[in-house]
Structure formats: structure tokens, C-alpha cells
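Here's the structure, in C-alpha cells; my notes come after.
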Amino acid sequence: MTKKIYNKRLIAFWLLSFSLTATYAQPYNFVRYDRNVIQQHKNNEMKYFFQSLKELQTNTNRKVNIVHIGDSHIQADQFSGKLRSLFQNDERFANGGRGFIFPYNVAQSNNPYNYQVSYTGYWEGQKSVNRNVLSKWGLSAISAKTTDSRATIMINPNVNGGSYKISRIKIFYPVFDESSFNVSLEIDPKELISTYLSRSGYVEYQFRNPQSSIKITLNKNSFLQNHFLLQGINLENDDAGVLYHAIGINGAIVPTYFRCEDFEKHLGVLNPDLVIVSLGANDTHVGNFNEEEYKNNLRYLVYEIRKASPKTSILIITPADSYLWRRRVNPNNEKARQQILELTEEMNLAVWDFFEVMGGLKSIDKWVQSNLAARDKLHFTPKGYEYQGELLFGALDNSYKEYSNLK
């Protein structure tokens, strides 16, 4: 039996380079395709997620939730958006809904290209990355506040190729704050099946017929009500499939999420099968990088994730190679990578070593030359983010196939 398993793993590893080269339309000679694997120290770190995918693939009527937490690389939703489309367009899995979003432009920040937001009234954006601002943040690490009871927000996820039915919506806000305006929807009352107010900090509306867009309105029923604080929105359908929730905020470092008092509560609502953590680009973008502090911060974030969802698989992504202030190669990313490798082994976590996959130290220059990375040598181009998505999906898919074959 042991020999049989060993041979299967050997064959899977031998086929890896071929399968990856076949997956990507344009391979690059500086990308380390042989390193494009999900590293599991005990070979069971991704078991919960892979078992969830297997149940979905074998026609179990269930949702599989992926929550991707990060910084500006995730807020733009080009990297995570590519992963979402690859999972949801895969015939094995299917589309479980658009998932968790935040209307960033309401908070005066850049909105992802793949859903449209329009609004009325004055809204003030409050970001947890700003140490001079206080707010009650949730999972998204950003909020939008208004004192205008006539303010509205319109969400349309069906732009730029999106195909999302909305059978229910969760609107996250401090629901039991007596000074908060009430939430409502501009919709025919006959279309509403139910309304549910949850102690986990959201109101949920369920629809008789799926909607293609949603308009959120406010109303004031008491003189005590003087504001509304939006923390996030979850768009769902009633179909089995994958939901890929992208949670990102420009400038985020790991401790950014420690200021979010409703982080654990909201993450529990999403009930993740897999949490992906992409944090480090800003933590390492400093002259004096404290490796031990970075590792301890990641450890605490993992504790918070596990408190919210004890069984979930957790995948940490190492920071990409980059430059410090466009002037010189940043040596801190390699140090952060080492801390991640140590932590993932200590805490039974999986890791995708993107630093090595992209080519290691100074590889960012080659990504820039190939129009995969931006001139600031910190961010990536849309083409580069999408390529990262293809790489990570390929690594996850190969690891999942190996798990399925060994079961």
C-alpha cells in the first residue's frame, strides 16, 4: 500500500511540469514552474478544503467558500478575480455566487473592475490602515459612513463578463446600534421572501426571483438615528458551487486586520473552507524590517482565523520580489519568506511560495520587462495579476487532483 501511494505521488510530481506548461498559453523562462506547488509539511494542511471540493464535484449540494485576505494586490481583484473565474467556470465546481464585496468608490477608493457601483448622498470612507481614524470595522477593514438618511448604493455584479444571480444579500453593519438608520432595498415587496436580522452583524434579504442588481436604501424611524455605517455586502445565489470572497485594502499590513473588531464574527458568517492570506508587501516595504514581529503578527492572524472557523484550511502566500521605493531590490521579502516557511510548519499551514515561483531575488525586473509587473516594481500589471491567478490555480488544481487520486 505504501509503495502504491509513493508511486502515485512520484508520477504526479513528474507530470507537474508538463501539466503546468500545457495550462499556460505563454510560459516564461524565468518562472520556476517546478516550484509551483502547494507545500504541505504534514500533507494534510489542505485536507478540509480539498474534501469540500470533492463533495461539490460529486454532486453534493453545497457551497465551497474561499476567503482571500490581502492588501492592494487583492483590492483590485485582478489576481483573486482570475482565480474566481477559473474555479467558477470549471465544470467540476460551478458558480456559487459573487460573494463578499465592498463598494470601494463609495469610500473614495479604487473599485474592482468587475462590479459596478453607483451611489447618492455623501459618504465618508474610513480605512483601518489610517491610524488616525477610529471606526467599527468588520472583515473588509474599510467602512463607509453617511449621515444622510436618503443616501443610496447601487450594486451591479454583472459587468465585464460577470454572470451572477442574486438570490439573497447580506448587508453587514452594526445592526443593534440604536443610532443607526435602518436598511431597506428598492424592490417590489412581492419579490421579498424573508428578512433576517442576525446577531452576527448583518441583515439578510431573500428574493423570490433572482436579481441582477441591488439598490440599497436607508430610512430613519427614530430621532435617535443619525448615521449608517456600511461594513460589507455578500451577494449569494441558491446554487451549489464556489464562492471566492476577495478581502483587500490598499496599504494593509498584517496588524491592519487587528483593528477590525467584527473581523472574527464576519469571517464566521462566510464559513470558509479555505482562507488565503496575501500579506507582506507593505510589512516588508520599510528600511528596518523586524522579522520576528512579522512572524508573530501572522501567528496572531492565524489564531483569529481559527477562532472564527476552526476547521478551515489556511494557505499563506509569500510576498513577491520587489524594489524598495523604486531604487533597489528589497531584501526584506526573502526574510519574510523564511519566516512564513517556519510559521507554516509550526502551525500546520499550507504555503504557496510565490517569491520562488516568480523567479526569486531580482526576478521582478524580468516581470517588468515582460509587461507582467508595473514600473514601480511593487505592483503588477493586469496581465501579471491574471498570470499569478493561473499559476496559483494550477498549483491548487494539481494538489487537489493528487489528493483525489490518493483517496
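Scanning the range 103-121 for residues that are in contact with a strand residue (DSSP E or B) (Cβ under 8 Å, 6 or more places away or on another chain), among the polar types (S, T, N, Q) and in contact (Cβ under 8 Å) with a residue 12 or more places away in the chain yields ASN105, GLN108, SER109, GLN116, SER118, THR120. Counting just the residues of the range 361-372 that are in a loop (DSSP other than H, G, I, E, B) and surrounded by 15 or more Cβ atoms within 10 Å (Cβ to Cβ), which one comes out nearest to the chain's Cα centre (by Cα)? Looking at the filtered set, the residue picked out is LEU372. Considering the range 196-233, the residues that are aromatic (Phe, Trp, Tyr) and loosely packed, with under 12 Cβ neighbours inside 10 Å include one that is nearest to GLY99 (Cα to Cα), namely TYR196. In this structure, GLY251 qualifies as in contact with an Asp or Glu (Cβ under 9 Å, 6 or more places away or on another chain), in the same structural domain as PHE355 (by TED's automatic domain parsing) and more than 21 Å from TYR173 (Cα to Cα). In the range 389-407, what residues are closer than 11 Å to MET46 by Cβ and not hydroxyl-bearing (Ser, Thr, Tyr)? Passing the criteria: ALA395, LEU396, GLU402.
Does the range 357-375 include one or more residues that are closer than 17 Å to VAL254 by Cα and at pLDDT 95 or above? No, that holds for no residue. From the list LYS54, LYS145, LYS82, LYS136, the lone residue that is outside any loop (DSSP other than H, G, I, E, B), outside the structural domain of ASP283 (by TED's automatic domain parsing) and among the basic types (Lys, Arg) is LYS145. Within the set PHE355, PHE393, the sole residue that is in a helix (DSSP H, G or I), without any contact (Cβ under 8 Å) to a residue 40 or more places away in the chain and assigned by TED's automatic domain parsing to the domain that holds GLN51 turns out to be PHE355. Inspect the range 34-45 for any residue being β-branched (Val, Ile, Thr), in contact with a Gly (Cβ under 7 Å, 6 or more places away or on another chain) and either at pLDDT 95 or above or in the same structural domain as ASN234 (by TED's automatic domain parsing) (or both) and give the result as yes or no. Taking every residue of the range 34-45 in turn, none turns out to be β-branched (Val, Ile, Thr), in contact with a Gly (Cβ under 7 Å, 6 or more places away or on another chain) and either at pLDDT 95 or above or in the same structural domain as ASN234 (by TED's automatic domain parsing) (or both).
Taken as a whole, the condition of being closer than 24 Å to ASN250 by Cα, among the hydroxyl-bearing types (Ser, Thr, Tyr) and modelled with pLDDT of 95 or more does not apply to SER135. Here the range 160-190 is the region considered, the condition is being hydroxyl-bearing (Ser, Thr, Tyr) and in a strand (DSSP E or B), and the residue that is surrounded by the fewest Cβ atoms within 10 Å (Cβ to Cβ) is SER184.
Selection of the range 263-297 for residues being of a type in the set (Gly, Ala, Ser) and under 22 Å from GLU346 (Cβ atoms) yields SER278, GLY280. If you filter the range 373-390 down to residues that are assigned to a loop (DSSP other than H, G, I, E, B) and more than 20 Å from the chain's Cα centre (by Cα), you find that the one that is surrounded by the fewest Cβ atoms within 10 Å (Cβ to Cβ) is ARG375. Within the range 49-69, residues that are buried (at least 16 other Cβ atoms within 10 Å of the Cβ) sit with their Cβ atoms under 6 Å from residues that are aromatic (Phe, Trp, Tyr) and assigned to a loop (DSSP other than H, G, I, E, B), at 6+ positions apart or across chains, in these pairs: LEU56/PHE93. Against the numbered list (1) more than 21 Å from SER180 (Cβ to Cβ); (2) not assigned by TED's automatic domain parsing to the domain that holds LEU301, TYR122 comes up short only at (1).
Filtering ILE193, ILE153 for residues that are loosely packed, with under 14 Cβ neighbours inside 10 Å and of a type in the set (Val, Ile, Thr) leaves a single hit, ILE193. Take LEU218 and decide whether it is part of a loop (DSSP other than H, G, I, E, B), of a type in the set (A, V, I, L, M, F, W, C) and over 22 Å from the mean Cα position of the chain (by Cα). The answer is no for LEU218.
The values are calculated or read from the model by the stated rules, or taken from the named source; none is laboratory data. On a predicted model such as this, the values are computed, not experimentally measured, just so you know. Virtual Cβ from ideal backbone geometry, glycine too; neighbours counted across all protein chains shown.
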